[in-house]
Amino acid sequence: MATVSIRDVRKAFGSTEVLHGVSVDVADGEFVILVGPSGCGKSTLLRMIAGLENITRGAIAIGERVVNNVAPKERDIAMVFQNYALYPHMTVRENMAFSLMLAKAPKEVIEAKVGRAADILGLAPYLARYPRQLSGGQRQRVAMGRAIVRDPQVFLFDEPLSNLDAKLRVQMRAEIKDLHQRLGTTTVYVTHDQIEAMTMADKIVVMNGGNVEQFGAPLELYDRPVNLFVAGFIGSPAMNFVRGQVEGEVFRSGAVALPLPPGLRGAAMAGRPVVYGIRPEHWRLDGQGIAATVQVVEPTGSETQVICTLSDARMLGETRMICAFRERITERPGQELRISPDPAVVHLFDEASGARLN
Amino acid sequence: MTDTTIDPAAVTESEGPQLLSWDSRARRIVTIYVPLVCFLIVLLFPFYWMAITAFKPNSELLNYKDNNPFWISAPTLDNIRKLLFETDYLHWLATTMGIAFGSTFLSLFASVLAAYAIQRLRFRGSDYVGLAIYAAYLVPPSILFIPLAQVVFQLGLYDTPFALVLTYPTFLVPFCTWLLIGYFKSIPYELEECALIDGASRLQILRRITLPLAVPGLISAGIFAFTLSWNEFIYALAFISSTEKKTVPVAILTELVQGDVYQWGSLMAGALLGSLPVAIFYMFFVEYYVSSLTGAVKE
């Protein structure tokens, strides 16, 4: 086990720079997830940690050792690829033993390690099979088994669940998390799925356009996103954004007035274009707030999601507002609801820079 | 319910589906089977002619008036006996086989390394090297054999099998390299990256991951190389002079055509026997061959 320290790392392909100075510190035994939209550079960063891409500038250290010029096999890491990269001409046993065989480990050691990994992952009955004879979930487990047998300092996962169906994905998510808790190996995991990131990570790195937008614990990112991008990316359904400006001690968008978050002095930013952010579950039904016209009602049982429009308010991006209520909703499309935000948990962002203001 | 009942009259009146199937069957015959049969006749007739000529007695061969030229009335093994026991045919066969295997092995070895380097190592200018190798393939052997003859003489290889084993790769390597580049491209690169992390060196990756997955490609490159060197004519004619060292294509032409006398029976028997090894090769590996030309490694 080891720490991973990424210091001001840049990556350029020819004249195009895709990572613009990324710094992240992964503590020993931590599960860190790199998340972001496709093309944000998260996979490139992971491949740089693995040694599959050169580091244009900056430094990556595993443990105490800077690995910029260390070959992948010397880095003591194991990687699980998106399409598993199982060797199709080798059995499950051979796939898992390959790295140990290359390291010329004694036969008994190989047997013991492969056996242990197979037990952990429930692969013992499949050791003699070929990858093509396995289901998607089993292949995924073999790929993990191949990583486990090496007992590496760091596990690297590159979107390992994206080829699985929804149900299996949820199951494997729990398995990977459980595995991490059992083995305690430092893990860096790449995904574009923010639910995966929220549910599995100790810490999340949100990346966008080759930059780190925010680095922190999942709920910290959820509760206090540092900018509009993180606010919109983390959370499903996504946060609602209303455009407007501060007038006196309220936020105003058209005829709609909303209370400012606590501790914020309206006078300091009067007239400045801002974006008011509120998560769907932070709307309250209180019979007095602002008027919202119901468009679609989606009951899920535990909660009811209502898609509605705020007459006269200017929204950012979407034109509709999503609210999630614990209460059952009896209103039909076209009818009006009276809703108001919970001012303690609303967010205010500067429209020009996107930075958080409260 | 009433609007879903079917009117029986309407069904019998329209014979649409039947008409359509007749139409499509006729169309299939005209557009697929007739052209295919014509194609097959054109392709296979020379082989048929070669086969029947090999078993025809000379009297039948030269007298079309009293005999059906497309059939044998009294088949004979005379031509084959003459070929096997009165000429060095078996010797030529062995020489040709040795040269074909030798040059195929050499070419595959060089091509695997070249193709892997060009496709996977992506060194600076690898694309141009690939193109240059292909350009070498475009130089016709009928021009190339003149400078090559100088080289062969200088090295003292004239009239030895090595003259051919070492010159055939000049056209085999470019061809096999290009075929293998295409095949290596179809092997997922993640497998190699994974092996790299697993601790394998480049050569170990090539030997334990890439080559086992490229077997169909290797087989088809091997068949190509073997066939081309088996059938090669101009270098074999230019670089070999003694009768017993000749290859089959050259030997049957130079030894079985005496002056202006063509021993058609033995010639065709020689050609028939000479094409058997290649045919047998194809027969065993045809599936690999097709799969490698049409692509993709299956997991």
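Which of (1) modelled with pLDDT of 90 or more; (2) under 18 Å from B:E287 (Cα atoms) is the odd one out, the single condition B:G199 does not satisfy?
(2)
Working only within segment A:159-168, note down all residues that are at pLDDT 90 or above and open to solvent by 20 Å² or more (accessible area, probe 1.4 Å).
A:E159
Tell me which residues, restricted to segment B:72-108, are open to solvent by 30 Å² or more (accessible area, probe 1.4 Å), of a type outside the set (G, A, S) and within 30 Å of B:Y183 (Cα to Cα).
B:M97, B:F101, B:F105, B:L106, B:L108
Of all residues in segment B:141-194, which are of a type in the set (S, T, N, Q), in a helix (DSSP H, G or I) and under 27 Å from the mean Cα position of the chain (by Cα)?
B:S142, B:T167, B:T170, B:T177 - these are the residues of segment B:141-194 that are of a type in the set (S, T, N, Q), in a helix (DSSP H, G or I) and under 27 Å from the mean Cα position of the chain (by Cα).
Step by step: first the residues of segment A:11-25, then only those that are polar (S, T, N, Q) and out of contact with any Asp or Glu (no Cβ under 6 Å at 6 or more places or on another chain), then the one that is least open to solvent (accessible area, probe 1.4 Å). Which residue is that? Full working, then the answer.
The first filter runs over segment A:11-25 and keeps only residues polar (S, T, N, Q), leaving A:15-16, A:23.
Okay, now just the ones that are also out of contact with any Asp or Glu (no Cβ under 6 Å at 6 or more places or on another chain), so A:15-16.
Details: A:S15: 120, A:T16: 83 Å².
Across segment A:11-25, the extreme among qualifying residues is A:T16.
Yes/no matrix, rows are residues, columns are (1) closer than 18 Å to B:A271 by Cβ; (2) modelled with pLDDT of 85 or more:
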{"residue": "B:E15", "(1), (2)": "no, no"}
{"residue": "B:A26", "(1), (2)": "no, no"}
{"residue": "B:F39", "(1), (2)": "no, yes"}
{"residue": "B:F45", "(1), (2)": "yes, yes"}
{"residue": "B:W49", "(1), (2)": "yes, yes"}
{"residue": "B:I80", "(1), (2)": "yes, yes"}
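Could you tell me which of the residues A:S38, A:S5 is away from every other protein chain (no Cβ under 14 Å), under 18 Å from the mean Cα position of the chain (by Cα) and either assigned to a loop (DSSP other than H, G, I, E, B) or of a type in the set (G, A, S) (or both)?
The match here is A:S38.
Could you say which residue among B:E244, B:E255 is surrounded by 14 or more Cβ atoms within 10 Å (Cβ to Cβ), in contact with an Asp or Glu (Cβ under 8 Å, 6 or more places away or on another chain) and touching a residue at least 60 places away in the same chain (Cβ under 8 Å)?
Going through B:E244, B:E255 in turn, just one is surrounded by 14 or more Cβ atoms within 10 Å (Cβ to Cβ), in contact with an Asp or Glu (Cβ under 8 Å, 6 or more places away or on another chain) and touching a residue at least 60 places away in the same chain (Cβ under 8 Å): B:E255.
Which pairs turn up if I take residues in segment A:262-278 that are farther than 18 Å from A:R224 by Cα and look for partners that are part of a loop (DSSP other than H, G, I, E, B) with beta carbon separation below 6 Å, at least 6 apart in sequence or on another chain?
A:G266/A:G248; A:G266/A:E249; A:G266/A:L260; A:P273/A:E351
Considering segment A:55-105 alone, what residues qualify as being among the aliphatic types (A, V, I, L, M) and either in a helix (DSSP H, G or I) or free of Cβ contacts under 8 Å to residues at least 12 places away in the same chain (or both)?
The initial filter retains those residues of segment A:55-105 that are among the aliphatic types (A, V, I, L, M), namely A:55, A:59-62, A:66-67, A:70-71, A:77-80, A:85-86, A:90, A:92, A:96-97, A:100-103, A:105.
If the condition is that a residue be among the aliphatic types (A, V, I, L, M) and either in a helix (DSSP H, G or I) or free of Cβ contacts under 8 Å to residues at least 12 places away in the same chain (or both), then A:V66, A:V92, A:M96, A:A97, A:L100, A:M101, A:L102, A:A103, A:A105 are the ones that fit.
Can you pull out every residue in segment B:213-241 that is open to solvent by 30 Å² or more (accessible area, probe 1.4 Å), more than 25 Å from B:I280 (Cβ to Cβ) and assigned to a helix (DSSP H, G or I)? Show your work before the answer.
Narrowing segment B:213-241 to residues open to solvent by 30 Å² or more (accessible area, probe 1.4 Å): B:215, B:218-219, B:224, B:228, B:231, B:233-234, B:237-238, B:241.
Subsequent filtering for residues that are more than 25 Å from B:I280 (Cβ to Cβ) retains B:234, B:237-238, B:241.
If the condition is that a residue be open to solvent by 30 Å² or more (accessible area, probe 1.4 Å), more than 25 Å from B:I280 (Cβ to Cβ) and assigned to a helix (DSSP H, G or I), then B:I234, B:L237, B:A238 are the ones that fit.
Among the residues of segment A:51-82, how many are within 17 Å of B:E192 (Cα to Cα) and among the aliphatic types (A, V, I, L, M)?
6
So, B:T170, is that one surrounded by fewer than 20 Cβ atoms within 10 Å (Cβ to Cβ), among the polar types (S, T, N, Q) and more than 12 Å from every other protein chain (Cβ to nearest Cβ) or not?
Details: surrounded by fewer than 20 Cβ atoms within 10 Å (Cβ to Cβ): yes; among the polar types (S, T, N, Q): yes; more than 12 Å from every other protein chain (Cβ to nearest Cβ): yes.
Yes, satisfied.
Only residues that are open to solvent by 40 Å² or more (accessible area, probe 1.4 Å), away from chain B (no Cβ under 14 Å) and assigned to a loop (DSSP other than H, G, I, E, B): list them for segment A:106-147, please.
Matches in segment A:106-147: A:P106, A:G122, A:A128.
If I filter segment B:221-229 for residues that are in contact (Cβ under 8 Å) with a residue 12 or more places away in the chain and out of contact with any helix residue (DSSP H, G or I) (no Cβ under 8 Å at 6 or more places or on another chain), do I get at least one hit? Talk me through it step by step, then tell me what you get.
Filtering segment B:221-229 for residues in contact (Cβ under 8 Å) with a residue 12 or more places away in the chain gives B:221-229.
Those left that are additionally out of contact with any helix residue (DSSP H, G or I) (no Cβ under 8 Å at 6 or more places or on another chain): none.
No; the residues of segment B:221-229 include none that is in contact (Cβ under 8 Å) with a residue 12 or more places away in the chain and out of contact with any helix residue (DSSP H, G or I) (no Cβ under 8 Å at 6 or more places or on another chain).
Taking segment B:41-98, which residues are of a type in the set (G, A, S) and assigned to a loop (DSSP other than H, G, I, E, B)? Walk me through it before giving the result.
Looking only at segment B:41-98, we keep the residues that are of a type in the set (G, A, S), and these are B:51, B:54, B:59, B:73-74, B:94, B:98.
Those that are of a type in the set (G, A, S) and assigned to a loop (DSSP other than H, G, I, E, B): B:S73, B:A74.
Kindly list the number of the only condition in (1) in contact with a strand residue (DSSP E or B) (Cβ under 6 Å, 6 or more places away or on another chain); (2) open to solvent by 20 Å² or more (accessible area, probe 1.4 Å); (3) free of Cβ contacts under 8 Å to residues at least 60 places away in the same chain that fails for A:G248.
Failing condition for A:G248: (1).
The values are calculated or read from the model by the stated rules, or taken from the named source; none is laboratory data. Everything quoted here is computed from the prediction, not taken from an experiment. Positions of Cβ are generated from backbone atoms using ideal geometry, with glycine treated the same way; all protein chains shown enter the neighbour counts. Note: areas computed on protein heavy atoms with side chains; ligands, DNA, RNA excluded. Shrake-Rupley method; radii C 1.70, N 1.55, O 1.52, S 1.80 Å.
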